[in-house]
There are 2 protein chains.
Amino acid sequence: MANITKKVSWSSRADESGATGEGTPLLNGSEQPRHSRQDSLRGRPKEIPHNEKLLSLKYESLDYDNIENQLFLEEERRMSYMGFRCLEISRWVVCGLIGFLTGLIACFIDIAVEELAGFKYQVVKENIEKFTEVGGLSISLILWAVLNSAIVMLGAIIVAFFEPIAAGSGIPQIKCYLNGVKIPRVVRLKTLVVKVCGVICSVVGGLAVGKEGPMIHSGAVVAAGVSQGRSTSLKRDFKIFEYFRRDTEKRDFVSAGAAAGVSAAFGAPVGGVLFSLEEGASFWNQMLTWRIFFASMISTFTLNFFLSIYHNKTGDLSSPGLINFGRFESDSVAYNLYEIPLFIAMGAIGGLLGALFNVLNYWLTIFRIRYVHRPCLQVMEAMLVAAVTATVSFTMIYFSNDCQPLGPDNTEDYPLQLFCADGEYNSMATAFFNTPERSVRSLFHNQPDTYNPLTLGLFTLTYFFLACWTYGLAVSAGVFIPSLLIGAAWGRLFGRLLAAITSSGSIWADPGKYALIGAAAQLGGIVRMTLSLTVIMVEATGNVTYGLPIMLVLMTAKIVGDYFVEGLYDIHIKLQSVPFLHWEAPATSHWLTAREVMSSPVTCLNRIEKVGTIVDTLSNTSTNHNGFPVVVQVTGSDEPAKLCGLILRSQLIVLLKHKVFVELARSRLTQRKLQLKDFRDAYPRFPPIQSIHVSQDERECMMDLTEFMNATPYTVPQETSLPRVFKLFRALGLRHLVVADDENRVVGLVTRKDLARYHLGKHGLEELQLAQT
Amino acid sequence: MANITKKVSWSSRADESGATGEGTPLLNGSEQPRHSRQDSLRGRPKEIPHNEKLLSLKYESLDYDNIENQLFLEEERRMSYMGFRCLEISRWVVCGLIGFLTGLIACFIDIAVEELAGFKYQVVKENIEKFTEVGGLSISLILWAVLNSAIVMLGAIIVAFFEPIAAGSGIPQIKCYLNGVKIPRVVRLKTLVVKVCGVICSVVGGLAVGKEGPMIHSGAVVAAGVSQGRSTSLKRDFKIFEYFRRDTEKRDFVSAGAAAGVSAAFGAPVGGVLFSLEEGASFWNQMLTWRIFFASMISTFTLNFFLSIYHNKTGDLSSPGLINFGRFESDSVAYNLYEIPLFIAMGAIGGLLGALFNVLNYWLTIFRIRYVHRPCLQVMEAMLVAAVTATVSFTMIYFSNDCQPLGPDNTEDYPLQLFCADGEYNSMATAFFNTPERSVRSLFHNQPDTYNPLTLGLFTLTYFFLACWTYGLAVSAGVFIPSLLIGAAWGRLFGRLLAAITSSGSIWADPGKYALIGAAAQLGGIVRMTLSLTVIMVEATGNVTYGLPIMLVLMTAKIVGDYFVEGLYDIHIKLQSVPFLHWEAPATSHWLTAREVMSSPVTCLNRIEKVGTIVDTLSNTSTNHNGFPVVVQVTGSDEPAKLCGLILRSQLIVLLKHKVFVELARSRLTQRKLQLKDFRDAYPRFPPIQSIHVSQDERECMMDLTEFMNATPYTVPQETSLPRVFKLFRALGLRHLVVADDENRVVGLVTRKDLARYHLGKHGLEELQLAQT
């Protein structure tokens, strides 16, 4: 098992730099390699394997374990108690900033969408009204379709050509990041800008998408940026928060950012915390959780405050996040024991429909990977979807004869009269001719007889397929709101049918309640979250009475859905062959031990090693590990070398760059010692080995790794069972785990990919193949 | 540091058994030792050291790490995928049962309290009404005081004489259990019975206590009982759930039970989950969290369902848990930006008052430990408090002239007219002459002018001292409700004063809002929980609008309070010298390494060891460890022995009991092999070594530990820093961590007590002394 030939993620770069360099790869100092790497990533969709039985080698891991080398320990020991207090305070400050900025971004997106969509609907409405009487509504249709396509084209172009990673909701990517997988460029400033502009275009362009998922991604990017106190993209270093420039701290802040994003999107601070924990934290730390909570809190607060100014109700902070389910009054929505089986049945329906959605989207994604991987094709597909969405909506509205009276307390923003009598409006238009958030709200709260069953049924059907087609387009957009909308529509239909069947008891009179349950069921069936989603729904509803039914519905939806297919996000993660670690090792993996799982043999370095050997090791394309055990040979003895530490590729790169050679240290006594700061400055974009000049003379020098290696890496014996290795790895967020024999000699190395390979398939334990792409 | 002379927790037992045994301790087979141990524990309060700088050695740890020996691995490997599925399903079933039973218990407590308290108040009310006109109210006072004292006496007797561990709220004990400390007899059936009866007596007896804290303890006991499928107290073994008979599984279920308890107490299922996680789980596992959530959900559901029957509203499930904050309507309680500083100020007041409460209670507890440690004294103190509470209440009511009109929509249960005009009632009586839950609710919801400021001020003052005196009595009672009540009273006062100062703007008109914030501030200032408490408060309020202010208030209260003194539960944990592990090692402990922290030398056993040696090791009173590293000597070599496993005291006991000797195995080939079942049957009350007969001949036999030891214990090198050791220990829930040198020889052993010793005091890092008591 350990003999699988592993191709190397670094090889492509090495090849390219070999082709473009001036001489030997080792002397190549141009910046070319980095550009070529970016180029190769830009066409990323091309590389997605079409097979979920593969595990990509291109993803690196994050290191959640502190590198406790001598430099680090010295720094920690030098630091006073007050120093630690200051660090703690700055962590809180950073979290506050993250929450504030995330709230601001949410506010910006919300206002931009409101204004632009309002403008668009106004234009189209006027046009429709003009042509309703005189005939020639086809012109209105064309206007609407062209407007939508143009806006969506803008959004698709920036995504497809400038930052493909900004496509979709970003939740799968953030899940992976929190799990410990480094997704290239997922937390960069450029990604954030493209994401924000992209999501505004998608929503204004009338696609069946929401702006909530992208908020989570945005929050994470903000967190990764703020916590580092600098921007590599803008080439600005504020010289603050330097202590936080390592994976451990950064990941904590990204958790906070994701939580702040959820919090801003749904007005659900507790839900945000639970989302971060459910997706990310394996080790629950109380202080960290409070900081995450603080960020979430500030984020909702900021959003509410600025939105209250925008809505001319300055200071009224009682309104929730981007999506507002509206106020459910407790009395009108009380439920009864005999309704619970109905709720569970709705959960099962949600699970089934969700599974159908996921299967359809899975096939569609496979198709896209195979045939629609060129940016211009992607843009065209997005435009097509926008035009079709507009056309379908228009057709539905046109042929609908569901007219509702326009009451005095009417809350419709853009009521379309169309062919209805004066004082009435077309109720199909309420569902289609609106931002999805408003449609959800009107499905929850409008008067019981607002929609007739046919309208609801047709709407569910069309929106289901439109949403399914839309998710996975090269636009920045979320799937939460479309799911809620589909669910609310069939839930309301369910409620109305119930009311029709039973006698007119008052308890059945409120289809809004069933719309809410249906929305929960559909969303749960698609994304399969339970705990955090329950809390998010409860917080967005603003009423805890519904806690229990929503829980039951989400659990049922998950159990039913899982029977057929995984959740939407997990499908997309699998399709990208990400080495994602689940919570526990597969149940039946006790017969596997570290011996079978580990990679072996491992390249080890001596504690005092020749520079040439190190350079060769790093340049060697068959060594794809990023950590190397350091061993020490007892002098004058033929005993085998013993493990004495672990050093990372990135550390070696920094050492080579600063030429920390034993010989040079002797000759240049005045030169300052290498400090932790040098490693932090290089983080996180360490240069590739090819960019470092090492002369032939220098190759003969020696390097002393004692000070820089982690002298106490975690080790396990060879006989350790896979679940035990897995638990250690997951609980501590490790990147490398050394396997040692009873003489403390290195026999192997376990990495994330070695563990993620094993998964429980339909036929028992299966092993994924490792692949280059 | 490792040279501290450690006295041994086992020594007292060994001494006593030596005194009562027939001959050598090794041949002593009587049950005497166990009884004497129980006796010594019964008088437990005597043993509490008066010094929080001590760390008791009497507490054992729980083992959250699976003992992966050959037997275990064989069983796991034999098990099919379906087997694991069945196990998973039975875990869900157990959690469902836990929730159901916890809900039932909550329901029983609630109904019993309602009925008995109703009866008592009715009797007293009639008596007072009889004597108001004719004079001679002192007779009423005496009746009231005697009634209360008698009821409280009953509760105090069962607690003080039968089960002292059932005293108090039980939350500190459950915190310790979830942290991994085995508190003797905390999860026994007898404790549950005493707890439930005790709490009914305390609440009915009119003490300043609540019934919510004990629910958490009750849930935990239910969980520990149900999950084991047997009751040792009742001597019944149902032969089910045998797989769950180990610390790992049991602790998971106890988490679920505690969550179910919170959920039933406050109608807060999500709050319950967060409570369990905040207090217990270091390793967050998604499936476990869902199961905990399920248990919480079922618990609230069961309680609601049965209470709805009791209240003749069968099937109406919208009512929350034991405490009901009543319905806060969203519109009347909206808050505004400029109120936030006020809320924060209230949080600070809560923090100050909470700190004062904790300091007073700390002194009182020290006093009690020194002078009130005999059960009869404890009962008398409880009776005294009951009588004083009644007297003070009566005096307050008597001298109050705060009369309020008795409206037609009056919701008072026992309105006392006293000296008020006809159609009016005494409003001080509403606060005192009522169960505390009702008083809280009326402070939140009664009309703005229900209480005058003087009433509120006096009530706050008296109730503060009464509650402070009451907590720590030998009665089963919680501190949540008294804290809420104090806070609600001064919060309402705060609101009324604000309304008086400012012009009569409508936003100030609702003192109920300030009562809620005050209640949160006071509770936060006393117990210092944040995340879970926020969610609990929000769920109990039934309205998420208040999420943000409650969070802010709780955080402020915690920050302010922590400046002076720890939380109430932590104070009591410290006073009991429990080796409690916090989330992280002290910040300034990087200069300590495993070498300084570990216990050394360690008693090691050979893989094939003489029975006599094992018996001597276990009987040796200077060996207080419960785990022994197993080493192997390379035959015919003078090399030092290498670590090859770890075996627990309890396992050795079982092996000795079953006489698993190499020689006997040869002679009795037909004898069945020792199985995991034998260890499970003995769990968790392993007999002491003195109860096992080992003849002189048997002492010469050999025992092969290979099959039974954990062959892959976690190890760390000696240079590992304390924070790193701590993290490993905490993340994996370890009990023993072997320290090995680079030859894989055992050099030391780190246990919970070695880590808990270091804490951050006022003068930097301090080291606690280990003590026998």
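The values are calculated or read from the model by the stated rules, or taken from the named source; none is laboratory data. All figures in this text were calculated on a predicted structure; none of them were measured in a lab. Please note: Cβ atoms are built from the backbone with ideal geometry, for glycine as well, and neighbour counts cover all protein chains shown. Calculation scope for accessible area: heavy atoms of the full protein, side chains included, ligands and nucleic acids excluded. Shrake-Rupley method; radii C 1.70, N 1.55, O 1.52, S 1.80 Å.
Can you find a residue that is surrounded by 23 or more Cβ atoms within 10 Å (Cβ to Cβ), at pLDDT 90 or above and not aromatic (Phe, Trp, Tyr) anywhere in the range B:622-635?
Yes, the conditions are met somewhere in the range B:622-635.
Run B:Ala520 past the list (1) touching a helix residue (DSSP H, G or I) at 6+ places or on another chain (Cβ under 6 Å); (2) surrounded by fewer than 24 Cβ atoms within 10 Å (Cβ to Cβ); (3) in a helix (DSSP H, G or I) and report the number of the one that doesn't hold.
For B:Ala520, the failing item is (2).
Among the residues of the range B:233-245, is there at least one that is among the acidic types (Asp, Glu) and under 19 Å from B:Ile292 (Cα atoms)?
no
Which residue, of A:Val553, A:Val535, A:Val565, is more than 14 Å from chain B (Cβ to nearest Cβ) and within 28 Å of the chain's Cα centre (by Cα)?
The match here is A:Val565.
Count, please, the residues in the range B:549-573 that happen to be aliphatic (A, V, I, L, M) and surrounded by 24 or more Cβ atoms within 10 Å (Cβ to Cβ).
6
Rundown of residues vs (1) surrounded by fewer than 20 Cβ atoms within 10 Å (Cβ to Cβ); (2) hydrophobic (A, V, I, L, M, F, W, C), yes/no style:
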position	(1), (2)
A:Asn148	no, no
A:Gly155	no, no
A:Gly170	no, no
A:Arg185	yes, no
A:Lys195	no, no
A:Val204	no, yes
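Which of the following residues is more than 8 Å from chain B (Cβ to nearest Cβ) and among the aliphatic types (A, V, I, L, M): A:Leu728, A:Leu732, A:Leu737, A:Leu760?
That would be A:Leu737, the only listed residue that is more than 8 Å from chain B (Cβ to nearest Cβ) and among the aliphatic types (A, V, I, L, M).
What residue, among those in the range A:710-742 that are small (Gly, Ala, Ser) and more than 32 Å from the chain's Cα centre (by Cα), is surrounded by the fewest Cβ atoms within 10 Å (Cβ to Cβ)?
The qualifying residue surrounded by the fewest Cβ atoms within 10 Å (Cβ to Cβ) is A:Ala711.
Tell me, yes or no, whether the range A:230-251 has at least one residue that is more than 17 Å from A:Val94 (Cα to Cα), away from every other protein chain (no Cβ under 11 Å) and small (Gly, Ala, Ser).
Yes, the range A:230-251 contains at least one residue that is more than 17 Å from A:Val94 (Cα to Cα), away from every other protein chain (no Cβ under 11 Å) and small (Gly, Ala, Ser).
Looking at the structure I just gave you, is B:Val94 open to solvent by less than 10 Å² (accessible area, probe 1.4 Å) and either out of contact with any Lys or Arg (no Cβ under 8 Å at 6 or more places or on another chain) or at pLDDT 90 or above (or both)?
Answer is yes for this residue.
Is it fair to say A:Ser218 is open to solvent by less than 10 Å² (accessible area, probe 1.4 Å), in contact (Cβ under 8 Å) with a residue 24 or more places away in the chain and not β-branched (Val, Ile, Thr)?
For A:Ser218, the condition - open to solvent by less than 10 Å² (accessible area, probe 1.4 Å), in contact (Cβ under 8 Å) with a residue 24 or more places away in the chain and not β-branched (Val, Ile, Thr) - is met.
Which is under 19 Å from A:His736 (Cα atoms), crowded, with 18+ Cβ neighbours inside 10 Å, within 14 Å of chain B (Cβ to nearest Cβ) and among the aliphatic types (A, V, I, L, M), of A:Val602, A:Val597?
Among A:Val602, A:Val597, only A:Val597 is under 19 Å from A:His736 (Cα atoms), crowded, with 18+ Cβ neighbours inside 10 Å, within 14 Å of chain B (Cβ to nearest Cβ) and among the aliphatic types (A, V, I, L, M).
So if I check each of B:Tyr59, B:Tyr121, which one is away from chain A (no Cβ under 12 Å), touching a strand residue (DSSP E or B) at 6+ places or on another chain (Cβ under 7 Å) and modelled with pLDDT of 80 or more?
Selected residue: B:Tyr59, the only one of B:Tyr59, B:Tyr121 that is away from chain A (no Cβ under 12 Å), touching a strand residue (DSSP E or B) at 6+ places or on another chain (Cβ under 7 Å) and modelled with pLDDT of 80 or more.
From the residues in the range B:238-248 that are in contact (Cβ under 8 Å) with a residue 24 or more places away in the chain and not hydrophobic (A, V, I, L, M, F, W, C), which one is surrounded by the fewest Cβ atoms within 10 Å (Cβ to Cβ)?
If we take residues in the range B:238-248 being in contact (Cβ under 8 Å) with a residue 24 or more places away in the chain and not hydrophobic (A, V, I, L, M, F, W, C), then B:Thr248 is surrounded by the fewest Cβ atoms within 10 Å (Cβ to Cβ).
Say whether the condition of being in a loop (DSSP other than H, G, I, E, B) and without any contact (Cβ under 8 Å) to a residue 60 or more places away in the chain is met by at least one residue in the range A:606-621.
Yes, the range A:606-621 has at least one match.
Working only within the range B:271-304, note down all residues that are open to solvent by 10 Å² or more (accessible area, probe 1.4 Å), free of Cβ contacts under 8 Å to residues at least 24 places away in the same chain and either more than 7 Å from every other protein chain (Cβ to nearest Cβ) or not in a helix (DSSP H, G or I) (or both).
B:Asn285
Quick check on my filter: what residues within the range A:693-709 are of a type in the set (A, V, I, L, M) and open to solvent by 40 Å² or more (accessible area, probe 1.4 Å)?
A:Met702
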